[in-house]
1. Give all pairs with beta carbons closer than 6 Å in which a residue from the range 90-104 that is in the same structural domain as Tyr56 (by TED's automatic domain parsing) and farther than 15 Å from Val52 by Cβ meets a residue that is modelled with pLDDT under 95 and of a type in the set (Lys, Arg); count only pairs at least 6 apart in sequence or on separate chains.
2. Which pairs turn up if I take residues in the range 114-136 that are more than 15 Å from Ser159 (Cα to Cα) and look for partners that are of a type outside the set (Val, Ile, Thr) and in a helix (DSSP H, G or I) with beta carbon separation below 6 Å, at least 6 apart in sequence or on another chain?
3. Restricting the range 101-146 to residues that are touching a strand residue (DSSP E or B) at 6+ places or on another chain (Cβ under 7 Å) and in a helix (DSSP H, G or I), which is surrounded by the most Cβ atoms within 10 Å (Cβ to Cβ)?
4. Give, as residue ranges, the strands (runs of 3 or more DSSP E) completely inside the range 163-279 that count at least 2 residues that are free of Cβ contacts under 8 Å to residues at least 24 places away in the same chain, in contact with a strand residue (DSSP E or B) (Cβ under 7 Å, 6 or more places away or on another chain) and of a type in the set (Asp, Glu).
5. Working only within the range 174-195, note down all residues that are surrounded by 15 or more Cβ atoms within 10 Å (Cβ to Cβ) and within 29 Å of Met111 (Cα to Cα).
6. Anything in the range 11-67 that is over 25 Å from the mean Cα position of the chain (by Cα), assigned to a helix (DSSP H, G or I), without any contact (Cβ under 8 Å) to a residue 40 or more places away in the chain and over 23 Å from Thr106 (Cβ atoms)? List them, or say none.
Amino acid sequence: MNEIRILEVSYKNNGFITLCSELDKYLNIAIGGQCKREKYIKYNDLDTMDYVIIAYNQDNPIGCAALRKYSDTEIEIKRVFVKEAFRGRNIGGKLLEQLVSQAKDTGYSTMILETGAFLQVSVHLYGSYGFEKIENYGAYKNMKESLCMRLNIEKNSISYCTGRRINETDLRQLFTSVEWLSANYAQRMETAFQKAGTVISAWYNNQLIGLVEALDDGELNAYIHYLLVRPDFQLRGVGSMLLEKIKEKYKDYLYVIVICEKKENIPFYQKMNFEIAEGAIPLQIRKV
């Protein structure tokens, strides 16, 4: 795949106008006709956008996203779209990351958005970056097809993301920070994490500071494989929060299992309601 470039443009940019037109056609089909979207159209005027970005493949615009001021502390995400031929490559994620960075840099503390409850791919994307569902706000309050979400981006805040794609560089830096051998296999880990049962990551100013990974059989058993936090963020509740989130994910499973390699960490897991499995002995085949 050619390198994808993301550039800031004017709302008058022809590529942005064309992509938004394609987005509207896509939404008309998804919701079952333009007539069902009439009430939304007036809230998407392009000249109300304060910040616009386009993803380019070579010189071809293939995706877009925008921000619009909602209040002195809140900024709204608008017009996120990636052409069908380029989906599944995390371009939407890259666009979203730049929007979050821009919103933080311009002093906002909260990001909000409205999407369709029926657009499960979009809902999953936002959820993977830590956005949480909220009551419909403003003009969308009584629109049953709408689903609204929110992300806290206050200064020094830590966000927790489920399913966010993590690149090789971020993984290598995190695992190196705790001197884990897995840092040497960051490239393979990046691929593995896209296939794993659950990966929940912790981010600070768009830097990966911790993660937990669990493998599961889809029904009864879940095995926590990795739990690590960057040293300068340890003793700040990050590990506990990651573990609480993984426990919530697997709350209906019969077993959630973790192998504690260092005895000094046993009290931490016991505090999180894990119990020592008496008589159990961990075994492994090690090739490193």
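The values are calculated or read from the model by the stated rules, or taken from the named source; none is laboratory data. Everything numeric here is computed off the predicted structure, so don't read it as measured data. Cβ atoms come from the backbone with ideal geometry, glycine included; neighbour counts cover every protein chain shown.
1. Matching pairs, first to second residue: Asn90/Arg165; Gly93/Arg165.
2. From residues that are more than 15 Å from Ser159 (Cα to Cα), the pairs are Glu114/Tyr140; Thr115/Ser122.
3. Taking the candidates together, the pick is Tyr126.
4. In the range 163-279, no matching strands (runs of 3 or more DSSP E) lie anywhere.
5. Once the filter is applied, which keeps residues that are surrounded by 15 or more Cβ atoms within 10 Å (Cβ to Cβ) and within 29 Å of Met111 (Cα to Cα), the range 174-195 yields Leu174, Glu190, Phe193.
6. Asn14, Ile17, Ser21, Lys25, Asn28, Ile29, Gln34, Cys35, Arg37, Glu38, Ile41, Lys42
Every residue, every condition in (1) at pLDDT 95 or above; (2) outside the structural domain of Asn28 (by TED's automatic domain parsing); (3) closer than 26 Å to Thr115 by Cβ, yes or no:
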{"residue": "Ser146", "(1), (2), (3)": "no, yes, yes"}
{"residue": "Glu154", "(1), (2), (3)": "no, yes, yes"}
{"residue": "Glu168", "(1), (2), (3)": "yes, yes, no"}
{"residue": "Leu171", "(1), (2), (3)": "yes, yes, no"}
{"residue": "Lys195", "(1), (2), (3)": "no, yes, no"}
{"residue": "Asn205", "(1), (2), (3)": "no, yes, yes"}
